[in-house]
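Here the structure comes first, spelled out in structure tokens, and everything after it is commentary.
The values are calculated or read from the model by the stated rules, or taken from the named source; none is laboratory data. Treat the numbers as computed from the prediction; the structure is a model and nothing was measured. Quick reminder, even Gly has a Cβ in these numbers, built from the backbone with ideal geometry, and neighbours come from all protein chains shown. For the accessible areas, the whole protein counts, side chains as well, though only heavy atoms, and no ligand, DNA or RNA atoms are used. Shrake-Rupley method; radii C 1.70, N 1.55, O 1.52, S 1.80 Å.
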Amino acid sequence: MKASVENLEGNEVKLTVEVDGAEFEKALQAAYLKNRGRITIPGFRKGKAPRSVIETHYGKGVFYEDAINDVYGETYPQAVDETGIDPVDHPDVQIESIDDEKGITYTAKVTVKPAVKLGKYKGIEIEEVEYNVTDQEVDEAINEVLERNARYVAVNERPVQEGDRVLLDYSGSIDGEVFDGGTAERQTLDIGSHTFIPGFEEQVVGMAAGEKKDIHVTFPEEYHEESLKGKEAVFAVTIHEIKEKELPELDDEFAKDVSEFDTLDEYKADMRSKMEKSAAERAQNQKENKLIEGITENAEVDIPEVMVEHQIDDMLREMEMQYRYYGMTLEKYLEMSGTTMADYRSRFRDEAYNRVKARLVLEEAAKAEDLPVTDEDLENEYQRIADQYKRPADEIKKRYAGNEEAVKAGLKVQKTIDALLAQAKMVAPKKKDKKEKKENKDNAQ
């Protein structure tokens, strides 16, 4: 096999592959052996006709298609390695010539990974980030755990109040006609949760157990069901039961119930520790993101459209998994929201472009820095993944056994980010408001 490459416009190349007659003959013979059992020739038992007879009967090229597929499947990856190109899409293959004795020549036009021109990527200026965990934030996190462990006790002797949980029947109608999806029996509703149509829960307040009442509401203009948008409706409501939220006592017994600690002080200390770790990780991630943004902005790269489209495909697969987790499909969401797939894909285009550019630029920076990835680095990474998914490290190693180079490439990029972050110029942060405070508690519980 001989391979040569020609650069075309943009990020396309044309790969020319020549396979000699001997190799093509092997492929033809393999195709004959594979297919002869399905071929019937008069005068021969099925599967016993010689190749020459079959070729005479059906034509010289009877086995060409399978032979070409075999030749391509074997030689294209070899040609890619030999020429050093880095394809990012499927090639457009054309047969240029074919002959039993001379062999076969084919071309493959394919989009390749673009060249990246790095700008300034060392000494990037980054705003210092620090998130301090306050006593108030720890108390708020503890209170959220209290809320999650609340119990509800029956209080049917008084009317419904804000914060109560009620058991009710309802039947909705518009202009006297009951509409689909507007009826339920013995439905649980937390008053103040705002899970029902605006105005509904407010009118339940003050009702007594056993009481029936018509509640008048107007569906929002942006309601997901087209036929109900902006419509005035009446819900016939019956209250069966009223329950009041009762929070547990914030004491050592509570700490024992919700954690592995014996005292409330120990539980609070652990909560603070987790929140501080989460805050430190968030600060680190934010600094890394700013570094990557700076490096990416300073670099020049002509990104092929196909790479952006593939990235959008990956992002949509992630969205599909999230929707399925909540019992819905992406197709159903698009139908409910009245959005086309083309419109939905367009929402992700800018983010997909930025992700692709950042990845290409970081790979180029990693190549420029050429930091070594040791066996110890690889072992530590497998252990990190094992800890994250709570699986044995040996199991993780087996899972990545055929993909070790990709793991090493990822480690090389991360080591490059760490090194460049250490070289970054940290500057004083600008004053900011109190947004994002609650995010310090992410994963703390």
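Which distance in nm do the two modelled labels at Asp214 and Glu128 give, with both placed 7 Å along the Cα-to-Cβ direction?
Placing both labels 7 Å beyond Cα along the Cβ direction yields 6.7 nm.
Per residue, what volume in Å³ does the convex hull of the Cα atoms of segment 14-170 enclose?
Taking the convex hull of the Cα positions in segment 14-170, it is 392 Å³ per residue.
What net charge is computed for the residues neighbouring His224, neighbours being all others with C-beta under 12 Å from the C-beta of His224, Lys and Arg scored +1, Asp and Glu -1?
Every neighbour counted, the sum reads -3.
Set the bar at 32 Å for Cα to Cα. Now go through Lys229/Lys290; Lys109/Lys397; Lys367/Lys425 and name every pair that lies beyond it.
Over 32 Å Cα-Cα: Lys229/Lys290; Lys109/Lys397.
Sum up the charges of everything whose Cβ sits under 12 Å from the Cβ of Arg186, counting Lys and Arg as +1 and Asp and Glu as -1, but leave Arg186 out.
With Lys, Arg at +1 and Asp, Glu at -1, the net is -3.
Quick one: pull the percent of accessible area on the chain belonging to carbon and sulfur, 1.4 Å probe, ligands and nucleic acids left out.
Its accessible area is 46 percent carbon and sulfur atoms.
Suppose all protein chains stay in the model; what accessible area per residue would a 1.4 Å probe give for segment 99-153, in Å²?
Computed with neighbouring chains in place, this is 55 Å² per residue.
By the gyration tensor of its Cα atoms, with a ≥ b ≥ c the square roots of the eigenvalues, what is the shape of segment 242-400: rounded for a/c under 1.5, prolate for a/b over b/c, or oblate?
Because a/c hits 1.5 or more and a/b fails to exceed b/c, segment 242-400 counts as oblate.
Can you tell me which of Ser52, Ser337, Ser97 moves the most in a GNM of the chain? Springs connect C-alpha atoms under 10 Å apart.
Comparing Ser52, Ser337, Ser97 in the GNM, the peak value goes to Ser52.
Could you pull out the pairs from Lys277/Lys390; Lys113/Lys415; Lys46/Lys102; Lys357/Lys412 whose alpha carbons sit more than 28 Å apart here?
From the list (Lys277/Lys390; Lys113/Lys415; Lys46/Lys102; Lys357/Lys412), the Cα-Cα distance tops 28 Å for Lys46/Lys102.
Would you list which aspartates and glutamates come within 14 Å of Lys268, measuring only between C-alpha atoms, while excluding same-chain residues fewer than 8 positions from it?
Hits, sequence-local ones excluded: Asp135, Glu137, Asp139, Glu140, Glu144, Asp251, Asp252, Glu253, Asp257, Glu260, Glu276.
What 222 nm value per residue comes from the helices of the chain, counting each DSSP H run with n ≥ 4 as -39,500 (n - 2.57) and dividing by all residues, nearest 500 deg cm²/dmol?
-15000 deg cm²/dmol
When ligands, DNA and RNA are left out and all protein chains stay put, how many square angstrom of accessible area per residue does segment 43-92 have with a 1.4 Å probe?
63 Å²
With an 8 Å Cα cut-off and a minimum separation of 6 or more residues, compute the relative contact order for the chain in percent.
That works out to 18 percent.
Roughly speaking, what % of Cα-Cα pairs in segment 88-184 are separated by over 17 Å, rounded to a whole number?
82 percent
Given the options Gln203, Val62, Leu168, identify the residue whose Cα lies farthest towards the positive end of the charge dipole of the chain (+1 on Cβ of Lys, Arg; -1 on Cβ of Asp, Glu).
So the residue furthest toward the plus end is Val62.
Please calculate how many Å² of accessible area segment 198-300 carries per residue, with a 1.4 Å probe and no DNA, RNA or ligand atoms counted.
58 Å²
Mean Kyte-Doolittle hydropathy of 0.0 or higher plus an axial Cα length of 18 Å or more: which whole DSSP H helices in the chain meet both?
Helix filter hits for the chain: 404-423.
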